[in-house]
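Worksheet for the structure shown next.
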Amino acid sequence: MTSLSERGDDATPARNGVVLGDDGLLDPEAGALTRRVDETGAVAVSMGASAVVVNEVKPGREPLPPVISRMPNTAFGIPMGLAGHAIMWKTLRDAQFVNQKSPHETMVILNIAAWYLSVSVAAFLLACYMYKVLTSFALAKAEYLNETRCHFFNAPNLVYMMLLIGLPEHLETSGYTAKPQSLMSTVGWFFLAILGQSCNIRAEWGIGLPQMCFGAGFMLYIDITIFIFGKLHENKGMKGSAAMFLLIAPPSVGVVSLDMLNDGASDFSTVGEMLLGWVLVLLLLLCRLGPILWRQPSVLGEYWAYVFPISAAATATIRYASALNSKSTEVLALIMIIMAIVSFLLVLVRMTFHIYRCVRKQGQYGDPLFQKDKYRTGRSLSCFQEQLL
């Protein structure tokens, strides 16, 4: 890595004190700002404890290998977003206020389409990632050791549980017990609470595992949220990023789980209403910061972090509207459904546009953790064992 002060020919011009990258503006006040250019032409901009890496195909620069052969684990955000929409349409299908006004066949079709698409994409990504593990184990190991990317290894488990929750009607069974995988993920605890309540585990096993999972997820979420907001002033580059929208997902799923835990009551859970209020306020705050979609994605699946949390919030408002059955809650649910659909379409169009640029050799999917010397180095079992040790 060579600093820009030593390589003036590669420096990006500055205007009015603002450093301009190839794909947009960078805030000059975003923490301790440093820039480096490596031999492949990738511009690394460090903001405090995080780094944003911009990768573009430039004349004379060596392009990265196909993204299919070096699939990042962030790509599992795509089937998570699709599964989130499958849950949303399934919840809307069963909502009382919808069945009274319109046929639910459309909701059934959308639920089935989103569910099967999520299964297909997840299976494809899993196959690609297994290929990466077998041929480039060092890259997968680097993801596991990275303090940010290691959390994405929970994504396949989350997708699995979300697919169980959003299961289409023609695939559902009458079983009352299940053994979902457990995982150390905040939103995963709430998913486990929903699955446990759906399977009636407390009555079948004689222990309130769903309630315990909700309590664990709730305390972990509070701890993580305080830490994130406490460090936000040190990392202003996070404002408006897709990663911040992940804060909406755990409380949104928590609202649904609270409603299911309160299933015997005639009204919506009061604690659930409080939590839903936090979800709505947090969503307004994040929208006020301004989502970033025009910037070239730094890694595959980056912008899909917008999709799942908003669809989860929409699902929570649908449950709320179905319980209270009032005009106000129905309008709120409709607004959230529109937001979920718009976010999904915007991210899909943005991804399609970037894929089009990649096909025309005008761009590529980068990966901040990709290193050429670690690509396709694990071709044998012995090499795999050596890298593991």
What is the packing order of peptides 275-283, 349-357, taking the mean over residues of other C-beta atoms within 10 Å and listing the highest first? 275-283, 349-357
Using 7 Å Cα-to-Cβ label points, what is the I335/N235 separation (nm, one decimal)? 3.1
Applying the Karplus parametrisation 6.51 cos²θ - 1.76 cosθ + 1.60 with θ = phi - 60° to the phi angles of region 360-368, what ³J(HN,Hα) value in whole Hz is obtained for each residue in order, glycine and proline being reported as x? 8, 6, 9, x, 7, 7, x, 7, x
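Gain in length, L345 to K372, computed as 0.36 nm per residue apart minus the alpha-carbon separation, to one decimal in nm?
Values: separation 27, 0.36 × 27 = 9.72 nm, distance 3.40 nm.
Fully extending the segment from L345 to K372 adds 6.3 nm.
Counting pairwise Cα distances across region 271-314, what percent come out greater than 14 angstrom? Mind showing how you got there, number by number?
Values: 561 of 946 pairs.
Here the long-distance tail beyond 14 Å is 59 percent of all Cα pairs in region 271-314.
Under a 1.4 Å probe, what is the accessible area of region 246-327 per residue, stated in Å²? Please report the intermediate quantities before stating the final value.
On the way: 3070 Å² over 82 residues.
Accessible area per residue: 37 Å².
Could you sort 292-303, 109-120 so that the peptide with the highest average Cβ count within 10 Å comes first and the rest follow in order?
Working: 292-303: 20.0, 109-120: 18.2.
Peptide ranking by packing, descending: 292-303, 109-120.
Kindly rank 127-134, 192-199 from highest to lowest mean number of other beta carbons found within 10 Å of each residue.
Details: 127-134: 16.0, 192-199: 23.9.
The densest-packed peptide leads the list: 192-199, 127-134.
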Find how much the distance from S328 to E169 grows on full extension, using 0.36 nm per residue of separation minus their present alpha carbon separation; answer in nm with one decimal. 54.3 nm
Model label zone, T106; criterion: amide N under 13 Å from point 7 Å along Cα-to-beta-carbon; scope region 337-361: 338
7 Å from Cα along Cα→Cβ at both A113 and F353: what's the point-to-point distance in nm? 2.3
Report the equivalent ellipsoid semi-axes for region 218-302 in whole Å, largest first, defined as the square roots of five times the eigenvalues of the gyration tensor built from alpha carbon atoms. 29, 14, 12
What distance in nm separates the simple spin-label points at D94 and W294, each placed 7 Å from Cα in the Cβ direction? 4.2
Want the number for V281 to I207: 0.36 nm per residue separation, take away the alpha-carbon distance, what's left? 23.2 nm
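In whole Å and largest first, what semi-axes does the C-alpha gyration tensor of region 200-244 yield when each eigenvalue is scaled by 5 and square-rooted?
Details: eigenvalues 255, 22, 3 Å².
In descending order the semi-axes read 36, 11, 4 Å.
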Sort largest first and round to whole Å: the equivalent ellipsoid semi-axes of region 217-365, each the square root of five times a Cα gyration tensor eigenvalue. 31, 19, 12
From the Cα centre of region 209-233 to that of region 130-158, the distance in Å is 24
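How high is the relative contact order of region 312-375? Use alpha-carbon pairs under 8 Å, at least six apart in sequence, and give a whole percent. Before the final figure, lay out the partial values.
Numbers: 24 pairs, mean separation 13.0, N = 64.
Once divided by the residue count of region 312-375, the mean separation gives 20 percent.
The values are calculated or read from the model by the stated rules, or taken from the named source; none is laboratory data. Since we're looking at a predicted model, the values are computed, not measured. Every residue, glycine among them, receives a Cβ derived from its backbone with ideal geometry; neighbour counts consider all protein chains shown. SASA here: full protein model, heavy atoms, side chains in, ligands and nucleic acids out. Shrake-Rupley method; radii C 1.70, N 1.55, O 1.52, S 1.80 Å.
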